[in-house]
Amino acid sequence: MTAKLLKLKASKRLQRKRRIRAKISGVAALPRVSVFKSNRYISAQAIDDVTATTLCAINSKELSKSANIEGATATAEAFAAKLKEAGLTEVVFDRNGYQYHGVVKAFGEALRANEIKF
C-alpha cells in the first residue's frame, strides 16, 4: 500500500473511533473496555472515564501471545480474570474503531464466555 492509502485508512478508523466514543462512556461501576490491536499484539484496558483512570489493563506481549484469534482468546481470558479480581463483571465494550470481526470479535466472545457482560 502506498503511504497515501495507509494515511486514509488510519484517518477513517479515527473517524469511526470518535463517532463511537461520542456515544459510549465508562464509569467506575461500568467501565469501558477499550481494545487496541497492532500487527503483533492486542491490548485492552478497563477505563473509568469520569476520573480518567485505568482500572486494569493487559497486553498480549505479557502473555507471549500474538495478535491472532487464539492469542486474542487467551488474552481475553486473562483479562477477564483480572476484571473479576477487581470486582467487575459488567463492562461497556469499545471496539476502538475496528470492525467487530476476527481478532476483536474473538476477544469479545472470550470475555462473554468468561462471564463478563457487555
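The values are calculated or read from the model by the stated rules, or taken from the named source; none is laboratory data. Keep in mind that what you see is a predicted model, and the values were worked out from it rather than measured. Neighbour counts run over all protein chains shown; Cβ positions are idealised from the backbone, glycine included.
Of all residue pairs spaced 6 or more apart or on separate chains, those with beta-carbon atoms under 7 Å, a first member in the range 93-114 that is over 18 Å from residue 39 (Cα atoms) and a second member that is charged (D, E, K, R) and buried (at least 20 other Cβ atoms within 10 Å of the Cβ) are 94/32. Of all residues in the range 82-108, those that are exposed (fewer than 14 other Cβ atoms within 10 Å of the Cβ) and outside any helix (DSSP H, G or I) total 7.
Looking for something part of a strand (DSSP E or B) and in contact with a Phe, Trp or Tyr (Cβ under 9 Å, 6 or more places away or on another chain) - is there at least one such residue anywhere in the range 5-15? Scanning the range 5-15 turns up no residue that is part of a strand (DSSP E or B) and in contact with a Phe, Trp or Tyr (Cβ under 9 Å, 6 or more places away or on another chain).
Within the range 59-78, not a single residue is assigned to a strand (DSSP E or B) and either surrounded by 18 or more Cβ atoms within 10 Å (Cβ to Cβ) or among the hydroxyl-bearing types (Ser, Thr, Tyr) (or both). Evaluated against (1) part of a loop (DSSP other than H, G, I, E, B); (2) within 16 Å of residue 114 (Cβ to Cβ), residue 56 falls short on exactly one condition, (1).
Checked against (1) surrounded by fewer than 16 Cβ atoms within 10 Å (Cβ to Cβ); (2) out of contact with any helix residue (DSSP H, G or I) (no Cβ under 8 Å at 6 or more places or on another chain), residue 31 meets all criteria but (1). Residue pairs whose Cβ atoms lie under 8 Å apart, sitting 6 or more positions apart in sequence or on different chains, and linking a residue in the range 14-25 that is within 11 Å of residue 92 (Cβ to Cβ) to a partner that is surrounded by 10 or more Cβ atoms within 10 Å (Cβ to Cβ) and of a type in the set (Lys, Arg), are 20/95; 24/32; 25/32.
Candidates are the residues of the range 38-52 that are farther than 16 Å from residue 107 by Cα and surrounded by 12 or more Cβ atoms within 10 Å (Cβ to Cβ); the one that is nearest to the chain's Cα centre (by Cα) is 47. Of the numbered criteria (1) out of contact with any helix residue (DSSP H, G or I) (no Cβ under 8 Å at 6 or more places or on another chain); (2) in contact (Cβ under 8 Å) with a residue 12 or more places away in the chain; (3) at positive phi, the one residue 64 fails is (2). Tell me yes or no: at least one residue of the range 9-27 is at pLDDT 95 or above and buried (at least 18 other Cβ atoms within 10 Å of the Cβ). No: the range 9-27 contains no residue that is at pLDDT 95 or above and buried (at least 18 other Cβ atoms within 10 Å of the Cβ). When residue 79 is tested against the conditions (1) farther than 16 Å from residue 108 by Cβ; (2) in contact (Cβ under 8 Å) with a residue 12 or more places away in the chain, the lone failure is (1).
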